[in-house]
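The values are calculated or read from the model by the stated rules, or taken from the named source; none is laboratory data. What you see is a predicted model; the values in this text were computed from it and never measured. All Cβ positions, even for glycine, are placed from backbone atoms using ideal geometry, and neighbour counts span all protein chains on display. Just the protein is used for accessible areas: all its heavy atoms, side chains included, with ligands, DNA and RNA removed. Shrake-Rupley method; radii C 1.70, N 1.55, O 1.52, S 1.80 Å.
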Amino acid sequence: SIISHELRTPVQKANSGLDLIAADCDSGYIDDVRDPLERMEELLDELISIVKYGDSVEETTAIDLEPIVTDTWPNAPNSSLEIESSLPTIAAEESRLRQVFENLFRNALEHGSGETQIRVGVIEYDDAAASETTGIYVADDGPGVPPEKREQVFEYGYTGADDGTGLGLAIVDRIVDGFGWEITVTESRDGGARFELRDIPVA
């Protein structure tokens with residue numbers, strides 16, 4: 001509530017004032033002001049997510065995963081999403097689940113070349129646990145994550161992008177921990193990053 005009111009409201013007022021100025025004059029300085037305001041809004045959204053999704057999840061419902069994946073895909077120009085296998089119905093809390101995929105997709109697009117190809121599918125298990133839990137991967141064809149950085153990417157403030165906040169993957173890690181799942185990052189078959197979500201209860 002404090003973040004939303006005391007911080008977001010002044011930023012919104014500044015944006016409104018900037019729109020009025022832009023309507024009256026054409027100046028290159030307008031974008032110089034708008035860009036940091038947009039970054040502040042992004043940071044505020046992610047800070048709110050950290051607070052909102054910080055607790056353990058006590059109640060879950062059965063959620064069909066495929067509509068969540070397709071709904072959270074941002075339809076980025078020149079980029080594509082491919083669902084490589086039939087996605088299961090899992091036990092989760094919907095708003096947090098959406099945040100996980102929104103952030104994973106955003107991370108892939110921020111680090112991609114502008115023509116990022118993202119694949120989502122089921123991790124095949126070799127043991128009996130497959131009947132009770134499942135695993136999901138989100139893989140891309142971007143620059144990937146070096147082995148020595150694969151734990152750091154989930155830390156608050158770490159970013160490999162010039163315009164990154166360093167909060168997106170940290171929020172994912174926190175939500176996954178709240179669900180009681182596990183997340184790791186490895187190399188995709190295209191040389192990019194492959195995020196693996198494991199120990200997801202099947203509904």
Original post:
What are the residues whose amide H is under 5 Å from the amide H of Thr134, where those residues sit 5 or more places off or on another chain and H is modelled from the backbone?
Top reply: Asp199, Ile200, Val202
**OP:** Any chance you could give the angle, 0 to 90 degrees and rounded to 10, that helix 9-24 forms with the longest Cα principal axis of the chain?
**Re:** 50
Subject >> Label-point separation, Asn78 to Val11 (7 Å along Cα→Cβ), nm >> reply: 2.8
Original post:
Where does the charge balance sit around Ala22 when Lys and Arg score +1, Asp and Glu -1, over other residues with C-beta under 10 Å from its C-beta?
Top reply: -3
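To the nearest 20 Debye, how big is the dipole of the chain about its Cα centre, given +1 on the beta carbon of each Lys and Arg and -1 on that of each Asp and Glu?
Values: 15 positive and 43 negative charges, 43 e Å.
Roughly 200 debye, rounded to the nearest 20.
What order do Arg39, Arg194 take when sorted by accessible area (1.4 Å probe), most exposed first? Mind showing how you got there, number by number?
Numbers: Arg39 90, Arg194 55 Å².
Listed by decreasing accessible area, they come as Arg39, Arg194.
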**OP:** Could you please put Asp35, Asp126 in sequence from largest to smallest accessible area, using a 1.4 Å probe?
**Re:** Asp126, Asp35
**OP:** Compute the distance in nm between two label points, each set 7 Å from the Cα along the Cα-to-Cβ direction, one at Arg189 and one at Ala62.
**Re:** 3.1
**OP:** Go ahead and set up a Gaussian network model of the chain, Cα springs under 10 Å, then flag whichever of Asp24, Asp71, Asp32 fluctuates most.
**Re:** Asp24
Original post:
Among Ser16, Ser113, Ser56, which one shows the biggest mean-square fluctuation in a GNM of the chain, springs joining Cα atoms closer than 10 Å?
Top reply: Ser16
Original post:
With springs only between Cα atoms under 10 Å, which of Glu148, Glu38, Glu66 fluctuates most in a Gaussian network model of the chain?
Top reply: Glu148
Original post:
Using bins 10 angstrom wide from zero, how does P(r) for the chain break down, in % of all Cα pairs?
Top reply: 8, 31, 33, 19, 7, 2, 0
Subject >> Residue-by-residue Karplus 3J(HN,Hα) for the range 26-35, coefficients 6.51, -1.76, 1.60, Hz, glycine and proline x >> reply: 10, 9, x, 6, 4, 5, 4, 8, 5, 4
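Among Asp177, Asp19, Asp26, what's the order by accessible area (1.4 angstrom probe), most exposed first?
Ranked list, largest accessible area first: Asp26, Asp177, Asp19.
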Subject >> Cβ-based charge dipole, the chain, positive-most Cα from Ile118, Leu37, Ala92 >> reply: Leu37
**OP:** With all protein chains present, calculate the accessible area of Ile21 using a 1.4 Å probe and round the result to the nearest 10 Å².
**Re:** 90
Subject >> Rounded tilt (10° steps) of 168-179 against the dominant C-alpha axis of the chain >> reply: 40
